[in-house]
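Here it is: the structure, laid out below.
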């Protein structure tokens, strides 16, 4: 295994939307570009066994970014390769002090075999839960500086089981609803993908994640400073991100974005434990799968078709749906830059297919077991479905054709509440205009009310509201949950023809 790659290489792994901006750069000679060049040359020197040269290049890189724990870690590897156990151990401690929290890699990295013999490192590993606690406190301090209380107040809460700390601008009820939503998703993840998360002993070595649910103003400032102005305009706009190296999740809404990014947290925890680097189609396919679901009578979550599966249906009808094997081998940069919406849609649809076949849990177990021989995941699909991938493709495409088209807008003639609704941000879409004699007004709803659920199913974004209303008919009576300021309530109304 090569030394751990620079954080910049995985910086964009957790973004929600597919058409993504890159970090702001001022020119080809700016520090990030120069740092990547030095890193690449250092790795090449390591491969040739020229460790002193690699160290010199890494120290040049360090001068450009003195707080980047990745560089300290890589320097520790190089010092160990030069038989300097104490020096390597000191650099590992420096990496930990600056944010390195992957004890699993520290314990298995062959480059650090000599380093692990040092008493300093043995004591460090023995006290790893304390290391994680201190890292969380330092990370939270940085988040408070990035998302300050002035002029408005944030409130904080902590979830020991999921190892999350929330810093939320949402009202208390909405925040608690979001926490409950993530708890259900966590349990679903244990039951269907990550069974080892149920082991508290293993969980004690997982890093804490800070979840930020910011005010719109703060979100815009954060998005622009992190990714540039394209992050908040046009099709490049993002709803949030999880950045694994900083262990921070920022989400503008409590719906699909938060669920998607939270599943990135879980998937990264899994791959960190395993020491595996799963390809982009698996990362985004799994995390897109949980964007939209329904809750069954038994309380279980059931992923459902959504606007992404509509894209897959259109691609199938036009003969442009990718073979699974081709989708599974698209490089990261092409996946997010060339036809990104189509790629995300197809990745989600493959995992929805595995879920409907009752094979998602079996597939993940087979995949991580056979990862070394096939990191794409295709052989694991063949194994759990018991047929060659070409036959799987035929069945998969027939299954897609049978999926329902999901409403993407409330068209004239379809069921509505007698109001115009804007996307909003945070905990749901907002009533923008209300019909004078419509059911919404008769039920007591007002302009500015936030619609948070229909018949108990969350409507945390406009897509969810449209999908749920699209499943109902004119004349149906529904229970609509809403928020007005910090007050939450429910009303019953009868849907009318839009």
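Can you name every residue in segment 306-329 that is part of a loop (DSSP other than H, G, I, E, B), surrounded by 19 or more Cβ atoms within 10 Å (Cβ to Cβ) and under 24 Å from the mean Cα position of the chain (by Cα)? Talk me through it step by step, then tell me what you get.
We begin by selecting, within segment 306-329, every residue part of a loop (DSSP other than H, G, I, E, B); these are 306, 318-323, 328-329.
Retained after the next criterion (residues that are surrounded by 19 or more Cβ atoms within 10 Å (Cβ to Cβ)): 306, 321-322, 328.
Within segment 306-329, 306, 322, 328 qualify.
What are the residues in segment 341-388 that are more than 16 Å from residue 284 (Cα to Cα) and in contact with a strand residue (DSSP E or B) (Cβ under 9 Å, 6 or more places away or on another chain), if any?
Correct list: 356 only.
Could you please find all residues in segment 362-375 being under 14 Å from residue 289 (Cβ atoms) and free of Cβ contacts under 8 Å to residues at least 40 places away in the same chain?
Answer for segment 362-375, where residues must be under 14 Å from residue 289 (Cβ atoms) and free of Cβ contacts under 8 Å to residues at least 40 places away in the same chain: just 363.
For segment 152-162, state whether one or more residues are more than 24 Å from the chain's Cα centre (by Cα) and farther than 30 Å from residue 58 by Cα.
The answer is yes; a qualifying residue exists.
Which condition number in (1) at pLDDT below 95; (2) crowded, with 16+ Cβ neighbours inside 10 Å; (3) closer than 21 Å to residue 406 by Cα is the one that residue 480 fails?
Residue 480 satisfies all of (1) at pLDDT below 95; (2) crowded, with 16+ Cβ neighbours inside 10 Å; (3) closer than 21 Å to residue 406 by Cα except (1).
Moving on. Taking residue 161, is it in a helix (DSSP H, G or I), closer than 30 Å to residue 218 by Cα and in the same structural domain as residue 206 (by TED's automatic domain parsing)? Explain how you work it out, then say what you get.
Numbers: in a helix (DSSP H, G or I): no; closer than 30 Å to residue 218 by Cα: yes; in the same structural domain as residue 206 (by TED's automatic domain parsing): yes.
It is false that residue 161 is in a helix (DSSP H, G or I), closer than 30 Å to residue 218 by Cα and in the same structural domain as residue 206 (by TED's automatic domain parsing).
Any chance you could count how many residues in segment 371-387 are more than 17 Å from residue 267 (Cα to Cα) and surrounded by 12 or more Cβ atoms within 10 Å (Cβ to Cβ)?
Within segment 371-387, residues that are more than 17 Å from residue 267 (Cα to Cα) and surrounded by 12 or more Cβ atoms within 10 Å (Cβ to Cβ) number 10.
Okay, next question. When you check residue 202 against the structure, is it touching a strand residue (DSSP E or B) at 6+ places or on another chain (Cβ under 8 Å) and closer than 14 Å to residue 269 by Cα, yes or no?
no
Scan segment 464-480 and give yes if some residue there is closer than 29 Å to residue 170 by Cβ, within 28 Å of the chain's Cα centre (by Cα) and without any contact (Cβ under 8 Å) to a residue 40 or more places away in the chain, otherwise no.
yes
Just wondering, is there one or more residues in segment 145-157 that are outside the structural domain of residue 429 (by TED's automatic domain parsing) and assigned to a helix (DSSP H, G or I)? Before you say what the answer is, go through the steps one by one.
Initially, segment 145-157 is screened for residues outside the structural domain of residue 429 (by TED's automatic domain parsing), giving 145-157.
If we keep only those that are assigned to a helix (DSSP H, G or I) as well, we get 145-146.
Yes; the residues of segment 145-157 include at least one that is outside the structural domain of residue 429 (by TED's automatic domain parsing) and assigned to a helix (DSSP H, G or I).
I've got another one for you. Surrounded by fewer than 17 Cβ atoms within 10 Å (Cβ to Cβ), in contact (Cβ under 8 Å) with a residue 40 or more places away in the chain and over 29 Å from residue 317 (Cα atoms), is that true of residue 413?
It is false that residue 413 is surrounded by fewer than 17 Cβ atoms within 10 Å (Cβ to Cβ), in contact (Cβ under 8 Å) with a residue 40 or more places away in the chain and over 29 Å from residue 317 (Cα atoms).
Among 461, 422, which is the only one that is closer than 27 Å to residue 314 by Cα, outside the structural domain of residue 219 (by TED's automatic domain parsing) and surrounded by fewer than 23 Cβ atoms within 10 Å (Cβ to Cβ)?
422
List every residue pair whose Cβ atoms lie under 8 Å apart, where the two residues are 6 or more positions apart in sequence or sit on different chains, the first residue falls within segment 349-361 and is more than 12 Å from residue 303 (Cβ to Cβ), and the second residue, located anywhere, is outside any helix (DSSP H, G or I).
361/193
For (1) within 22 Å of residue 137 (Cβ to Cβ); (2) surrounded by fewer than 23 Cβ atoms within 10 Å (Cβ to Cβ); (3) more than 33 Å from the chain's Cα centre (by Cα), each residue gets a yes or a no:
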| site | (1), (2), (3) |
| --- | --- |
| 80 | no, no, yes |
| 85 | no, yes, yes |
| 89 | no, no, no |
| 97 | yes, yes, no |
| 101 | yes, no, no |
| 104 | yes, yes, no |
| 111 | no, yes, no |
| 116 | no, yes, no |
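For segment 189-206, state whether one or more residues are closer than 24 Å to residue 172 by Cβ, crowded, with 16+ Cβ neighbours inside 10 Å, at pLDDT 90 or above and outside the structural domain of residue 102 (by TED's automatic domain parsing).
no
The values are calculated or read from the model by the stated rules, or taken from the named source; none is laboratory data. Keep in mind the model is a prediction, meaning the values are calculated, not measured. Glycine also receives a Cβ, built like all others from the backbone with ideal geometry; neighbour counts cover every protein chain displayed.
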